[in-house]
Structures are given as structure tokens and as C-alpha cells.
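Heads up, the thing below is written out as C-alpha cells.
Derivation of every value follows stated rules applied to the coordinates shown; laboratory data play no part. Fair warning: this is a prediction, and the values are worked out from it, not measured in the lab. Ideal geometry is used to build each Cβ from the backbone, glycine not excepted, and the neighbour counts take in all protein chains shown.
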Amino acid sequence: MEDGESIADAARREVREETGLQLLELGPVVARRQVEFSFNGAVVVNDEHYFVVRVERFEIDTVGWTEIEREVIVEARWWALHELRATRETVYPEGLVALVEAHGRPR
């Protein structure tokens with residue numbers, strides 16, 4: 001979060017920067033986790049809040065990506081729930097499928 005930014009404002013800014021989508025409304029926070037990991041030679045401590053947001057499928061706009069995001073993000077794509085359920089890829093947060101199922105299936 002940037003100075004003076006609420007959690008909801010930070011979420012909207014991050015979505016805009018990482019996908020190009022301008023969100024006006026956010027649903028409720030449905031999960032929260034604190035995680036510590038090493039990234040790009042530094043220890044990162046994140047306090048993550050997960051909101052329910054429903055959108056129509058759209059093309060991701062990468063204009064707002066940082067140089068490091070361009071280097072490390074291999075692919076951005078939409079996943080069907082059955083694909084998430086079946087994947088052997090690492091997906092965060094852990095239990096994402098259960099979160100989606102608990103808070104209603106996407107349209």
C-alpha cells in the first residue's frame with residue numbers, strides 16, 4: 001500500500017496496474033493471509049487481502065507492468081474453475097478453488 005491508501009484503494013490500483021481494468025466497486029474481503037518470501041534478492045512480507053470481484057472476460061493490458069514484472073511473469077490468462085481444480089501448477093492463495101466455490105461461481 002502507498003502512504004494514505006486504504007486497502008480497497010490499493011486493491012483497485014494494483015488491479016489497474018497489473019491488468020488495465022478500472023474497478024469502481026469491490027466485493028467483500030473473503031480471505032486474508034500474511035506471507036513472507038524471498039523475491040529478487042530481498043525478503044518480502046505481504047499482508048494480503050482477497051476481495052470478491054466479478055468481471056466479464058477482457059484482454060489483459062500490460063502497459064502498467066514494471067520492468068521486474070515483465071521479466072518474471074511468464075503468462076497471464078483466464079482459468080476455468082475446472083482447470084484450477086485439475087492443475088498441477090502452484091496457485092496462490094492456497095485453497096483458491098475452495099474460496100471461489102464458497103463465494104459463488106463466476107458468471
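Counting other Cβ atoms within 10 Å, which trypsin sites (Lys or Arg not before Pro) in region 41-102 have at most 14 and lie in a DSSP loop? Present the calculation step by step, with values, prior to reporting the outcome.
Details: sites: R54, R57, R70, R77, R85, R88; in loops: R54, R57, R77, R88.
Those satisfying the criteria are R54, R57, R77, R88.
Measuring from label point to label point, each 7 Å out along Cα→Cβ, what is the V44 to E75 span in nm?
2.1 nm
Within the chain, which is the longest segment containing none of the GluC sites (Glu not before Pro) that sit in a DSSP loop and have at most 12 other Cβ atoms within 10 Å? Don't skip to the end; give the middle numbers.
Values: sites that count: E2, E5, E25, E56, E59, E75, E89, E94.
Maximal segment without exposed cleavage sites: 26-55.
Rounded to the nearest 0.05, what FRET efficiency is calculated for I68 and V30 with R0 set to 30 Å and r the Cβ-Cβ distance?
Values: r = 28 Å, r/R0 = 0.94.
Efficiency, rounded to the nearest 0.05: 0.60.
Show me the chymotrypsin sites (Phe, Trp or Tyr not before Pro) within region 3-99 that DSSP assigns to loop and that have at most 10 other Cβ atoms within 10 Å of their Cβ. Don't skip to the end; give the middle numbers.
Numbers: sites: F37, F39, Y50, F51, F58, W65, W78, W79; in loops: F58, W65, W78, W79.
Passing sites in region 3-99 are F58, W78.
Expressed as a whole number of Å, what is the distance separating the alpha-carbon centroids of region 4-81 and region 87-105?
15 Å
Determine the sum of side-chain charges near N40: Lys and Arg each +1, Asp and Glu each -1, restricted to other residues whose C-beta is under 15 angstrom from that of N40. Can you show the working numbers first?
Working: positive: R70; negative: E36, E67, E69, E71.
Computed value for this residue: -3.
R0 = 25 Å: FRET efficiency of E89 with R16, Cβ-based, nearest 0.05?
0.45
In whole Hz, what ³J(HN,Hα) sequence does region 67-72 give by Karplus (6.51, -1.76, 1.60; θ = phi - 60°), x for Gly and Pro?
Coupling constants for region 67-72: 4, 5, 5, 5, 6, 9 Hz.
Treating only the Cβ of Lys, Arg, Asp and Glu as charged (+1, +1, -1, -1), what charge dipole size does the chain show about its Cα centre? Round to the nearest 20 debye.
Numbers: 13 positive and 22 negative charges, 130 e Å.
Approximately 620 debye in magnitude.
Classify region 29-77 as rounded, prolate or oblate from the Cα gyration tensor: take a ≥ b ≥ c as the square roots of its eigenvalues, call it rounded if a/c is under 1.5, otherwise prolate when a/b beats b/c and oblate if not.
Details: a/c = 2.96, a/b = 1.09, b/c = 2.72.
It comes out oblate by the Cα gyration axes.
If you take the Cα atoms of the chain, find Rg, then find the Kirkwood Rh from the mean of 1/r over all pairs, what is Rg/Rh? Can you show the working numbers first?
Details: Rg = 14.6 Å, Rh = 15.6 Å.
For the chain, the value is 0.94.
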